[in-house]
Each structure stands twice: as structure tokens, then as C-alpha cells.
Amino acid sequence: MAIAGITLLLRSVRLTSKFTSSSDIPVEFIRRNVKLRGRLRRITENGLEIEHIPITLPIIASWRKEPCGVLLVKLAGVELTETGKAWLQKELKPSQLLWFQLLGKENSTLICYLLVNRGRYFSVSLNEEILRRGLGKTVLVKGLNYDSKIYWKIHRNLLKAELIALKKGEGIWKEESEKESYLEKLKDSWRETWKKDSYFKKVVSDFNLKKSYDKFRSTYEAWKDNYLILKFKELMSRIHFRRKG
């Protein structure tokens, strides 16, 4: 019993530790995509500086002094525009509380999905909100396993948010030329993914995804925005259920 109690205490100390550097965070936290709570301190050119707020236990907090330091966090799957950076500066309040889900790490920067509370029972993903407003573009989230559910869930949500902005002509999607370049970028991104992953090579040979993309593009030319989201969602659903089969 004593050993079990000590083990439980050690685990509690680990869960309640305050992380002041990305190197402090256990690898398994990133692998399991753990959500952490924090307080915004500053927005810089390199990302958001967030002070981690650990889980507090009275038995530990009474004798432990918390270290000082901030974590550098970057929005996963989003390439911010200058307008997007200005929107973040205006939207986020100093010392605002938020949640950040660990998806990966690049050097000392954490790649995360950020959630901000809106009211008592509702939260908004900053990653998706920026894309919905046309204040950035999607990029592939590096480090996530292609076979994981979270990889497909996150990319599906990000692309859906971006397509909403494209349909409405928000932000960077006001120009028709930007919509055209979006389709080319989409094609190139998935082509690069197919090259790297053996699963996609099998899917392409069995399912002829390129033909589906060509049909998707021709649909866009014919019906423009109204039909774009429906066809894209159909394409992603076919890929998703093919993977499960």
C-alpha cells in the first residue's frame, strides 16, 4: 500500500508540474495529444507565448514554489497572414485563459490546437476561426501519424473551415485568382502526401483518387462556390470510410 501511495503521488506531481520549457513536457504527452491549460502572455512573430497553468492539488501547492517561464506555441495547420496576426492581437485579451492541445514540436516550439472559451459551455478553435475568416491558409500538420484518427479529424476540420471562407469570399479569398491557386495547392499537398505514405499509394491504385479530384475541379468550374463544399466533403468521406474498410 505504501509503495502504491508513493507511485500515485509521483504521478500526481508529474501531472501537476508546471512546464516552463517545451523540453519539460514528457514525450508521451505529445504522443497522446494531451490538452493543457494556460494563460496568454504575449503574441510575437514566432507564435504565442503561453504560461502553463498546471492542475493544482492542495497537498502539493502548499509547499511547492512554481517556476517562472512561458511556452512558445504555434497554431497547427495554419499559415497566418499579417491580417491574421493583427486579428489575434485584437481578439485575444492579455492574460486570457485558453487550452492548447499538443500535436507536435519543432525545436523549442509546440505545435498546438488552441481553444478559447466563449461563454460557460462553448469553446472556439482559434485554428479553425482564423481559417473561417480567411485570415490564413491551411498547411499539413507535421508529426502526426497518418493512420491516427486525430490526423484526419484535424485536417478535415481545418479544410472545412477554409472552404467556408472560400465560399463566402472572406479575407484572402475575395479574389478569384486566390480560389484558383487554392485548388492547385490542394492538389499539390495531397500529391506530396501520396508520395510519402504507402497507404495513399494503395488507395490511389484501388480508388483512382486523381480522377475524383479532376471531377471535383470540373464541378467547381461549373457551379463555383455552392457545390464546392458538398463535393469536397464527399471526397473526404470516401477516403475516410475507405481507410476503415
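The values are calculated or read from the model by the stated rules, or taken from the named source; none is laboratory data. Everything numeric here is computed off the predicted structure, so don't read it as measured data. When we count neighbours, we look across all protein chains shown, and the Cβ atoms used for this are built from the backbone with ideal geometry, even at glycine. Keep in mind that these areas ignore ligands, DNA and RNA; they rest on the heavy atoms of the full protein, side chains included. Shrake-Rupley method; radii C 1.70, N 1.55, O 1.52, S 1.80 Å.
Tabulated data for the structure shown
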item: Accessible area per residue, Å², the range 122-165 with all protein chains present, probe 1.4 Å; result: 43 Å²
item: Cα→Cβ-extended label distance, 7 Å offset, between Tyr146 and Cys68, nm; result: 4.7 nm
item: Segment Ile43-Ser23, extension gain: residue separation times 0.36 nm, minus the distance between their alpha carbons; result: 5.1 nm
item: Cα-based shape type of the range 113-184, given that a ≥ b ≥ c are square roots of the gyration tensor eigenvalues and the cut on a/c is 1.5; result: oblate
item: Two-site FRET efficiency, Thr16 against Glu175, from Cβ-Cβ distance with R₀ of 45 Å, rounded to 0.05; result: 0.35
item: Inter-label distance, nm, simple model (7 Å from Cα along the C-beta direction), Arg32/Lys167; result: 3.7 nm
item: Neighbour-limited loop hits for trypsin sites (Lys or Arg not before Pro), the range 130-164 (at most 14 other Cβ within 10 Å; DSSP other than H, G, I, E, B); result: Lys142
item: Fully extended contour minus Cα-Cα distance, from Arg118 to Leu97, at 0.36 nm per residue; result: 6.5 nm
item: Inter-site label distance for Asn107 and Thr83 at 7 Å from Cα along Cβ, in nm; result: 2.9 nm
item: Of all accessible heavy-atom area on the range 87-169, the percent that carbon and sulfur account for (1.4 Å); result: 50 percent
